[in-house]
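The values are calculated or read from the model by the stated rules, or taken from the named source; none is laboratory data. In this text the structure is predicted, and so the values were computed from the model without any measurement. For neighbour counting, all protein chains shown are included, and Cβ atoms are generated from backbone atoms with ideal geometry for every residue, glycine included.
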Amino acid sequence: MERLSSIDELKGLQQEILGATDPNRPRVRICMTGCRAFGAVEVRDAFRKSVSEKGLTGKVDIVETGCHGFCARAPVVAIDPHGFFYQQLSARDVPRIVEETLINGKPVEDLLYKDSPTAQPVSHEKEVPFYREQMKIVLRNCGQIDPTSIEEYIARDGYVAIAKVLSSMSPDAVIEEVVRSGLRGRGGAGFSTGTKWKFARNAKGTTKYLICNADEGDPGAFMDRAVLEGDPHTVLEGMLIAAYAIGAREGYIYVRAEYPIAVTHVKKAVADATALGLLGEKILGTDFSLNIKIKEGAGAFVCGEETALIASIEGRRGMPRPRPPFPAVSGLWGKPTNINNVETFANVPPIIHRGADWYASLGTEKSKGTKIFALAGKINNTGLVEVPMGITLERIIFDVGGGIPGGKKFKAAQTGGPSGGCIPASLLNLPIDYDSLTAAGAIMGSGGLIIMDENTCMVDLAKFFLSFTREESCGKCVPCRMGTKRMLEILQRITEGKGVLEDLDALKELAPMIKDASLCGLGQTAPNPVLTTLNYFYDEYRAHIEEKRCPAGVCKALIRYEIDPKTCTGCSLCRKACPQAAITGKAKEPHALNQSLCIKCGICYSECKFDAIQIH
Amino acid sequence: MTPSIDVSRIDPILQKYTNQAGALIPVLQEVQAVYGYLPEDALKRVGQTLHVPMSRIYGVVTFYAQFYLTPRGQHTIKCCQGTACHVRGGKGVLEALERELKVAPGQTTDDLKFSLETVACVGTCFLAPVMMIGEDYYGKLTPNTAVKAVRKYSPKAKSEEA
């Protein structure tokens, strides 16, 4: 394709692409990102084979898309224009879909999603409860388009927002629009994006940098990955608008090396946008220029902190430094620098395209728009969801998320990863916005949402997060380096049944000191999981200390496995699986477990088909 | 145990990055892609060419989880210990792998067949608990299925079934 040298040429290209697209032509959309782990490649190959066998080559588009969100049902496929949604497919199912749907236009009932508890098949994507409750703004193209095709992005109003900016808006007007939209940083802290841009714009100096923070490090969070993999151009367009607003000519995307598909798609997007004249020098024939470089992270959680990220781009150890000066004044190579997260940038094109008033009408008074969450843990519909701000936790978990598997009871939800907190069942009505979450002791964070049931031990969970932050602490400041270590030691003791009640006082004393005195966000938020679990699950801590009991049956030192002779069928699965040969018994007779040999690895528990292994 | 290496293999990389600010980390990433780890002799060459002292190189290499100073096994096992995997029993999976391979996380088996690593999230939480062996995902694991998956890569390993 030829380089576009004016805004009119971009509009012409969009018309040309739309004119050549037949809306009635069948389109098979296959998730080729997360679903790959569950056989999406085989499903795609089966579609190619079957389509060619039926002589449909050239009459059907097989599109490799980004994440559809419903990861629990992987691999998923949606078919347009019918709108049918198929889930948990294998290559074997494909010929029937080609025959029934692509040729006859009918759904294949047994491959559709079944609504629970009615077990009625739901044929259309938009009627599946998981999708029905969502509002897709950032993820509007994810799962819809081929992310490696700039044409498909342009066809869906891609680069329309930057065209609008370049043809009719001053940098100050852009900033004003973003301020008015109420957009707040989606990386976690929730600072006003427009205001942040204003600082960078007003900073002295002619060389300014723009950075996209794609170093998504929270365990259990994969929102930014999905956006980069599924719709990389929307991030580039957001960066273009931001660079125009602050006056930057050079940008960086700092992306986790653990996300190979995201890296590939972003590189392709940058190359394609550059070839079309949407990146590089004199964009769309104007005086505005932006070059974007991609930097792959090298595996350090702390590099999500902006000053640490800058140090890493400069080729140094990724250690944070005190602020001020803020990066807006002195950032990369000492120049004014603006850093936003992937999801923040991805919000910008729709805001400019549809206007600040539209965006500000969504969400709550102080938290506008939508938020993407990565739902995981003990929840039926694990996946990626985009919901309006202000939705209650209950609706996310039970309406979108489909509730807790195995009929278990909801116990707590963790937002914000290791920096966040646990929200208990009593706060299920909590509206999900920046301020309500902070008031509950948690944080919005980047969007990880881990659901826990009655079998999760909250003391063990606090210990889990502390061991993560202690490991990832860069070691520069003492409160974080030593404080997280001391807290972890105390939690370790408690989970081993060696805790005393004074330990809880020590935790409460250490936590605010670490929060107040640490240099960066990592240390300042590291005590949150401990503080919220202490606040909402104090009894569970006391049970570990006073009764030497782990109510959830998790902490090894406080539990023992036993075989219930009444339920045991003597199938011998556990005996064969036990790495310690601690289980004995004859076939078809109840088995016995020798406690002195048992290392509590839990293998017998996970192997038993009859629930005969019990935790005491 | 460190085999001798041909350091000239990294010269094209060093040439590409000459006089580029902030080049150290991408250079180290590319050097590691050549050898599978960062041999000392290669690091010396990096330091001399880019005019970076070894102390700084060592500081950077040991700071980031991605860099290795010792040779890696033929297969890298990344056992996820993220939050979703943790609440679904990821620790039991890791312990089973440690018993099977007789190495701790971060170590490589003596026969250089496997390197065992933990990662804080591979972003496929719907598969929890999950591990990756090379590029392949293994999900919804139990301690036993994890061990079975590893044995597929190591046909000689004897099964200790009674």
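Below are the figures for this structure:
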| quantity | calculated |
| --- | --- |
| Search result, residues across region A:67-93 that are farther than 11 Å from A:VAL28 by Cα and away from chain B (no Cβ under 14 Å) | A:LEU89, A:SER90, A:ALA91, A:ARG92, A:ASP93 |
| Sole residue being closer than 30 Å to A:THR207 by Cα, surrounded by fewer than 24 Cβ atoms within 10 Å (Cβ to Cβ) and not β-branched (Val, Ile, Thr), chosen from A:GLY334, A:GLY402, A:GLY406 | A:GLY334 |
| Of all residues in region A:577-616 being among the polar types (S, T, N, Q) and more than 12 Å from chain B (Cβ to nearest Cβ), the one that is surrounded by the most Cβ atoms within 10 Å (Cβ to Cβ) | A:GLN614 |
| The one condition in (1) of a type in the set (S, T, N, Q); (2) crowded, with 19+ Cβ neighbours inside 10 Å; (3) within 12 Å of chain B (Cβ to nearest Cβ) that A:THR532 fails to fulfil | (3) |
| A:TYR244 vs. criteria of a type outside the set (A, V, I, L, M), touching a helix residue (DSSP H, G or I) at 6+ places or on another chain (Cβ under 8 Å) and within 11 Å of another protein chain (Cβ to nearest Cβ) | no |
| Residue ranges of helices (runs of 4 or more DSSP H) in region B:83-162 with at least 1 members more than 9 Å from every other protein chain (Cβ to nearest Cβ) | B:90-101, B:143-152 |
| Filter result for A:ARG481 (over 28 Å from the mean Cα position of the chain (by Cα) and of a type in the set (Lys, Arg)) | no |
| Pairs, first under 12 Å from A:LYS476 (Cβ atoms) in region A:296-308, second small (Gly, Ala, Ser) and surrounded by 24 or more Cβ atoms within 10 Å (Cβ to Cβ), C-beta under 7 Å, six or more apart | A:VAL302/A:ALA308; A:VAL302/A:GLY318; A:ALA308/A:GLY318 |
| Those residues of region A:103-128 which are touching a strand residue (DSSP E or B) at 6+ places or on another chain (Cβ under 6 Å) and free of Cβ contacts under 8 Å to residues at least 12 places away in the same chain, in sequence order | A:LYS114 |
| Selected residue (criterion: modelled with the lowest pLDDT) from residues of region A:85-124 that are touching a helix residue (DSSP H, G or I) at 6+ places or on another chain (Cβ under 6 Å) and not aliphatic (A, V, I, L, M) | A:PRO121 |
| Selected residue (criterion: farthest from the other protein chains (Cβ to nearest Cβ)) from residues of region A:550-569 that are in a loop (DSSP other than H, G, I, E, B) and buried (at least 16 other Cβ atoms within 10 Å of the Cβ) | A:CYS568 |
| Only listed residue being at pLDDT below 95 and in a loop (DSSP other than H, G, I, E, B), chosen from B:SER8, B:SER4 | B:SER4 |
| Options B:ALA84, B:ALA120, B:ALA149: the member that is over 14 Å from the mean Cα position of the chain (by Cα), crowded, with 22+ Cβ neighbours inside 10 Å and either among the hydroxyl-bearing types (Ser, Thr, Tyr) or not assigned by TED's automatic domain parsing to the domain that holds B:ASN19 (or both) | B:ALA84 |
| Pair list, Cβ under 8 Å, 6 or more apart: region A:336-347 residue charged (D, E, K, R), other residue part of a helix (DSSP H, G or I) | A:GLU343/A:MET223; A:GLU343/A:ASP224; A:GLU343/A:VAL227 |
| Residue check for A:SER446: surrounded by 23 or more Cβ atoms within 10 Å (Cβ to Cβ) and either at pLDDT below 95 or away from every other protein chain (no Cβ under 14 Å) (or both) | yes |
| Filter result (surrounded by fewer than 20 Cβ atoms within 10 Å (Cβ to Cβ) and either modelled with pLDDT under 95 or among the hydrophobic types (A, V, I, L, M, F, W, C) (or both)) within region A:8-24 | A:LEU13, A:ILE17, A:LEU18, A:ALA20, A:THR21, A:ASP22, A:PRO23, A:ASN24 |
| Top-ranked residue of region A:535-544 - restricted to ones that are touching a helix residue (DSSP H, G or I) at 6+ places or on another chain (Cβ under 6 Å) and of a type outside the set (Phe, Trp, Tyr), ranked as surrounded by the most Cβ atoms within 10 Å (Cβ to Cβ) | A:HIS544 |
| Among (1) of a type in the set (A, V, I, L, M, F, W, C); (2) farther than 29 Å from A:ASP8 by Cα; (3) surrounded by fewer than 21 Cβ atoms within 10 Å (Cβ to Cβ) - the single one A:ALA200 does not satisfy | (3) |
| A:PRO107 vs. criteria in contact with a Ser or Thr (Cβ under 6 Å, 6 or more places away or on another chain), away from every other protein chain (no Cβ under 14 Å) and over 30 Å from B:TYR137 (Cα atoms) | yes |
| Subset of region A:370-382 [at the interface with another protein chain (Cβ under 7 Å from one of its Cβ atoms) and over 14 Å from A:VAL227 (Cβ atoms)] | A:ALA376, A:GLY377, A:LYS378, A:THR382 |
| Search result, residues across region B:33-48 that are crowded, with 20+ Cβ neighbours inside 10 Å and assigned to a helix (DSSP H, G or I) | B:ALA42, B:LEU43, B:VAL46 |
